[in-house]
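Please read the structure below before turning to the comments.
Bear in mind these aren't lab numbers, they're just calculated from the coordinates by the rules spelled out. These numbers were taken from a predicted model, which means no experiment stands behind them. Every residue, glycine among them, receives a Cβ derived from its backbone with ideal geometry; neighbour counts consider all protein chains shown.
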Amino acid sequence: MSLFPTLTRCWTRIGQQRVIRTPGVHAPKCWDWGAVDIVSGRTLHRLHPRRNKVGLRRLLAAISRAYELTTRPQRKGIVFVDNDKAHYARSVRRLVDKFQGQIKLEYLAPYAPELNPQEDIWQHMRRKVTHNYYFEHMERLVAAVDAFHDELQAHPQQVLQLISKWTHFIAA
């Protein structure tokens, strides 16, 4: 995510055009690393200033803490990831190896974001937070994204509705 608003069509009065401000050429960016539990509707996310292996490692560590993997060795999870180069980093593989099979990375087909349920969450976030809205400062954008994720955490049924194509797949 960046300070650039996600521009999309919207209703306006006839003869008027809506003006959406933008930050200029070099807007600050921040990546929202996220995971969604397609069974319970629970979500996790970590903001990181770069799209790199460190962001993924932070997310995997958050998953480990949230699901208490160190104290409950019987728990196992599959994390579906796309083919971003950060997902193949040696340090990521070493971290996954430390989980001794409790976390497994499954790589989705290239250029197939529709196969990733987390994409449905991000699309909803863009609709609710960034579509046609300019955040003048990164702190405000981060606060809005955190508030969005807090709202999702409080309503796992809404999350399950957002990813309903996945919950039907798992139930079958």
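Sorting 53-62, 147-156 by average packing, meaning the other beta carbons within 10 Å per residue, from highest down gives 53-62, 147-156.
Quick one: which of 14-23, 106-115, 84-93 comes out on top by average Cβ neighbours within 10 Å, and what's the full order, highest first?
Working: 14-23: 9.3, 106-115: 11.0, 84-93: 14.1.
Descending mean neighbour count gives 84-93, 106-115, 14-23.
I'd like the antiparallel share, as a percent to the nearest 5, of DSSP beta bridges with both residues in the chain. Before the final figure, lay out the partial values.
On the way: 7 of 13 bridges.
So the antiparallel bridges in the chain amount to around 55 percent.
Dividing the helix sum by the residues of the chain, where each DSSP H run of 4 or more adds -39500 (n - 2.57), gives a mean residue ellipticity at 222 nm of -11000 deg cm²/dmol.
Just subtract the alpha-carbon distance of ARG140 and LYS29 from 0.36 nm times their residue separation and send over the number in nm, one decimal.
Details: separation 111, 0.36 × 111 = 39.96 nm, distance 1.26 nm.
Full extension of this stretch gives 38.7 nm more.
Counting beta carbons within 10 Å around each of THR71, THR43 and listing the fewest first gives the order THR71, THR43. Extending 7 Å from Cα along the Cβ direction at ILE14 and again at ALA147 yields two label points whose distance is 3.6 nm. Of the peptides 157-163, 99-105, the order by per-residue mean of other Cβ atoms within 10 Å, starting with the highest, comes out as 157-163, 99-105. Here the simple spin-label model places points 7 Å from the Cα toward Cβ, and for ASN52 and LYS98 these points are separated by 1.8 nm.
Spin-label model, GLU68 to HIS131: label points 7 Å out along the Cα-to-beta-carbon direction sit 3.9 nm apart.
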